[in-house]
């Protein structure tokens with residue numbers, strides 16, 4: 001095999017998604033993914049720690065963008081609005097880099113695997129924890145920082161589900177704003 005392969009990472013992702021869709025995550029091996037991509041297992045492990053990482057490899061960068069944007073939001077913003085700025089930045093990045101079709105395929109694979117569902121929940125819990133730390137750094141006390149972070153991640157998750165719907169034509173950021181507005185309307189006094 002050729003030592004360097006252009007677009008190896010993309011080919012591995014494409015092969016993994018296809019195999020996970022055909023055979024299921026649990027029934028697919030790294031060797032099969034590499035073979036389908038026309039690469040070696042060694043090349044696979046240069047790009048991914050394990051076969052789950054094909055589905056979760058960008059989550060650290062999205063978390064960093066989320067917390068950095070929330071941290072850099074103007075001090076005049078309410079904590080939920082600073083968190084929302086982070087959510088919108090992460091949503092825009094996800095939409096731009098991966099696209100809706102990749103997200104739909106990924107979500108179907110995750111929904112079919114208890115192991116991957118658990119991993120997704122762990123990822124979201126990590127985002128919530130990092131966001132709560134950021135809000136505390138902005139001067140938000142407890143339990144407000146933790147509550148705001150948990151609510152923000154719930155808003156992200158609901159907006160993500162709505163974004164994946166076949167009939168949806170709105171962008172992810174718009175759905176985040178709408179979901180947050182709906183939350184505000186049900187929690188408003190009077």
How far is helix 172-187 tilted off the main Cα axis of the chain, in degrees rounded to 10, range 0 to 90? 40
Length gained, residue 126-residue 167, 0.36 nm per residue minus C-alpha separation, equals 11.7 nm
Based on the Kirkwood radius over alpha-carbon pairs, what is the Stokes-Einstein translational diffusion coefficient of segment 84-190 at 4 °C with 1.567 mPa s viscosity, in µm²/s? 88
If eta is 1.002 mPa s and T is 20 °C, what Stokes-Einstein diffusion coefficient results for segment 8-54, Kirkwood Rh from Cα pairs, in µm²/s? 214
Starting from the Cα of residue 52, step 7 Å along the direction of its Cβ; do the same at residue 118; then give the gap between the two resulting points in nm. 0.8
Which shape class, rounded, prolate or oblate, goes with segment 78-144 when its Cα gyration tensor gives a ≥ b ≥ c as root eigenvalues, a/c under 1.5 marks rounded, and past that a/b bigger than b/c marks prolate? oblate
Over the chain - Rg/Rh using Cα atoms and the Kirkwood inverse-distance radius: 1.03
Quick one: angle between helix 99-111 and the longest Cα principal axis of the chain, in degrees between 0 and 90, rounded to 10, please. 80
Give, in nm to one decimal, the length gained when the segment between residue 100 and residue 29 is fully stretched (0.36 nm per residue of separation minus the Cα-Cα distance). 23.0 nm
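Values in this text are rule-based calculations from the coordinates and carry no lab data. On a predicted model such as this, the values are computed, not experimentally measured, just so you know. Glycine gets a Cβ as well: all are built from the backbone with ideal geometry, and neighbour counts include every protein chain shown.
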